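Heads up: the structure comes next, in structure tokens.
The values are calculated or read from the model by the stated rules, or taken from the named source; none is laboratory data. Remember, it's a predicted structure, so these values are computed and weren't measured experimentally. Neighbour counts run over all protein chains shown; Cβ positions are idealised from the backbone, glycine included. With ligands, DNA and RNA removed, areas are computed over all heavy atoms of the protein, side chains included. Shrake-Rupley method; radii C 1.70, N 1.55, O 1.52, S 1.80 Å.
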Amino acid sequence: MASVELRNVWKIYGGKVQAVVDACWKCNDGEFFSILGPSGCGKSSTLRMIAGLEEITRGEILFDDVVVNKMPPSQRNIAMVFENWALYPNLTVYENIAFPLRVRNLPEKEIDRRVKNAAEFLGLENVLQMGVRRLSGGEMQRVSIGRAIVREPQVLIMDEPISHLDAGLRARMRDELKKQVERLGVTTLYITHDQVESMAMADRIAIMNLGRIQQVGTPLDIYYNPANEFVAGFIGEPPMNFAAAELLQEGDDFVIASPSFRFKLDDICKSNFLQYRGNSKLKLGVRPEDVCVSLTPLPNCFELPVDFVEPQGDRTIISLQMDKDQTFLAQVLGNLRPPVGQMVYVRFDQRHTHFFDVDSGENIFYNR
Ligand code: ADP
Ligand code: MG
């Protein structure tokens, strides 16, 4: 197993497409590290450079603190699992798993030992002699993992391995994959555009957008302490609400105001702003679960009309009508179902209210 580090890595295609811009991060030995971002943000380009399948335009890639830029892919000892599991349809499960070992001309006994170990590990002993065509999706995925791990790689790379599955199966596979990889303990780079997968599986996540790393952190860190507006909006479902707002000073108090709301900052939030010397125009961000809604007045609250109500059993999603056709979503307990059009009392949980710079989108109080 190995650590994988990127130092100021760039990928520029044809001298102009900047697919990866100055990437810097380190995945520790044995870590489950996810690269997360929308389609086209540079995830696969990053992986291909790590695997040695794509030239590095600039920067260094290190395995266990040794630069591997010039090392051919065959020597990097990386196994990859792709979205289309790319099994050989005419071969048995056994031969699919054995394939990379046959290519390497390993002795038959060693091949047999490793295939059987992998099959036992993945619960495939009973289907080893079956053709892969007859397998379920879950079994096919396990075969593709088996084929990757029999090589005893230093690093396991998975590029959107379950993205094409329907939602129910994806959730099951997610849990199963996580369990298997955890037992293996191998350094894993897991690529996905699905934030739910990253949040559920990864030890740490690197979030990318437009070729740039936005933030590297644990799932909780990224959720509660987003570095910028992109990260804040990309993580979480339903997504974070955003609104333009202004910081006002009224006597000893700080007030956050917009055409739709107005509230006083509590002591903790205020102490942050005491040091603040930036633009008084800000962007406020608050997650639906941090928007409190009540039918009776709350301290430091404001009033908004209900735009629609979506009961979801244990919880209700309430859409609140804001200025200029904008709405804010609130996620509240399922027994609260105010009628559409009713005015309700609203308050943001200030511990989890974020403020972003209107120009750069940076989280003003991001704590590194
Ligand atoms: P992701 O895996 O996050 O969807 P990719 O790394 O595949 O992103 O692509 C990042 C960007 O680089 C995209 O704009 C894509 O069109 C471009 N790109 C990828 N591969 C090539 C290539 N071989 N030649 C030119 N542009 C490419
Ligand atoms: Mg990709």
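Looking at the structure I just gave you, is Phe82 touching an Asp or Glu at 6+ places or on another chain (Cβ under 8 Å), modelled with pLDDT of 95 or more and under 30 Å from Glu139 (Cα atoms)? Here the answer is no, as Phe82 does not meet what is asked. Look at the stretch 149-168: where a residue is open to solvent by 20 Å² or more (accessible area, probe 1.4 Å) and a partner is polar (S, T, N, Q) and away from ligand 2 (no atom under 16 Å from the Cβ), sitting 6+ places away or on another chain with Cβ atoms under 6 Å, you get Gln154/Asn77.
Tell me, which residue of the stretch 185-212 that is among the aliphatic types (A, V, I, L, M) and open to solvent by 60 Å² or more (accessible area, probe 1.4 Å) is nearest to ligand 1 (Cβ to nearest atom)? Of everything passing the filter in the stretch 185-212, Leu210 is nearest to ligand 1 (Cβ to nearest atom).
Residues of the stretch 28-43 that are in contact (Cβ under 8 Å) with a residue 24 or more places away in the chain and within 9 Å of ligand 2 (Cβ to nearest atom): Ser39, Cys41, Gly42, Lys43.
Annotation note: Cβ proximity below 6 Å between a residue of the stretch 299-319 that is touching a residue at least 60 places away in the same chain (Cβ under 8 Å) and a residue that is polar (S, T, N, Q) (sequence gap 6+ or interchain) occurs for Ile317/Gln331.
Of all residues in the stretch 2-48, which are part of a strand (DSSP E or B), acidic (Asp, Glu) and closer than 21 Å to Asp203 by Cβ? Listed by number, the list holds a single entry, Glu5. When Cys41, Cys27 are screened for being crowded, with 22+ Cβ neighbours inside 10 Å, more than 16 Å from ligand 1 (Cβ to nearest atom) and either within 29 Å of Phe234 (Cβ to Cβ) or not assigned by TED's automatic domain parsing to the domain that holds Ser136 (or both), only Cys27 passes. Just one of the listed residues (Lys16, Lys11, Lys70) is within 15 Å of ligand 1 (Cβ to nearest atom), open to solvent by 50 Å² or more (accessible area, probe 1.4 Å) and more than 17 Å from the chain's Cα centre (by Cα), and it is Lys16.
Just give me the residues in the stretch 49-71 being over 14 Å from Gly211 (Cβ atoms) and assigned to a helix (DSSP H, G or I), in sequence order. Answer for the stretch 49-71, where residues must be over 14 Å from Gly211 (Cβ atoms) and assigned to a helix (DSSP H, G or I): Ile50, Ala51. Of everything in the stretch 200-236, what is among the small types (Gly, Ala, Ser), closer than 21 Å to Cys24 by Cα and not in a strand (DSSP E or B)? Give them in sequence order. Passing the criteria: Ala202, Gly211, Ala227, Ala232. All conditions in (1) of a type in the set (A, V, I, L, M, F, W, C); (2) open to solvent by less than 50 Å² (accessible area, probe 1.4 Å); (3) closer than 25 Å to Asn300 by Cβ hold for Ala244, with the sole exception of (2).
So that you can scan it fast, the table gives a plain yes or no per residue for (1) open to solvent by 50 Å² or more (accessible area, probe 1.4 Å); (2) part of a strand (DSSP E or B):
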site	(1), (2)
Lys270	no, no
Phe273	no, no
Glu303	yes, yes
Asp307	yes, yes
Ile317	no, yes
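The condition of being without any contact (Cβ under 8 Å) to a residue 12 or more places away in the chain, aliphatic (A, V, I, L, M) and either closer than 19 Å to Arg183 by Cα or surrounded by 14 or more Cβ atoms within 10 Å (Cβ to Cβ) (or both) holds for only one of Leu128, Leu106, that being Leu106. Considering only the stretch 17-27, I want to know if a residue exists there that is β-branched (Val, Ile, Thr), out of contact with any Lys or Arg (no Cβ under 8 Å at 6 or more places or on another chain) and within 16 Å of ligand 2 (Cβ to nearest atom). Yes - at least one qualifying residue is present in the stretch 17-27. Every listed requirement among (1) farther than 30 Å from Asp325 by Cβ; (2) at pLDDT 95 or above is met by Ile268 save one, (2).
Return the residues of the stretch 44-67 that are among the basic types (Lys, Arg) and either open to solvent by less than 50 Å² (accessible area, probe 1.4 Å) or within 16 Å of ligand 2 (Cβ to nearest atom) (or both); say none if nothing qualifies. Matches in the stretch 44-67: Arg48 only.
The residues of the stretch 286-301 that are in a loop (DSSP other than H, G, I, E, B), buried (at least 17 other Cβ atoms within 10 Å of the Cβ) and not basic (Lys, Arg) amount to a single one, Cys301. All conditions in (1) touching a Pro at 6+ places or on another chain (Cβ under 8 Å); (2) within 12 Å of Asn241 (Cβ to Cβ) hold for Gln321, with the sole exception of (2).
This table checks each residue for (1) within 20 Å of Gln350 (Cα to Cα); (2) at pLDDT 90 or above; (3) out of contact with any strand residue (DSSP E or B) (no Cβ under 8 Å at 6 or more places or on another chain); (4) not in a loop (DSSP other than H, G, I, E, B).
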position	(1), (2), (3), (4)
Met158	no, yes, no, yes
Asp175	no, no, yes, yes
Ser198	no, yes, no, yes
Pro238	yes, yes, no, no
Glu246	yes, yes, no, yes
Gln249	yes, yes, no, yes
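On the stretch given as the stretch 324-349, residues that are more than 25 Å from the chain's Cα centre (by Cα), under 22 Å from Leu247 (Cα atoms) and not aliphatic (A, V, I, L, M) total 6.
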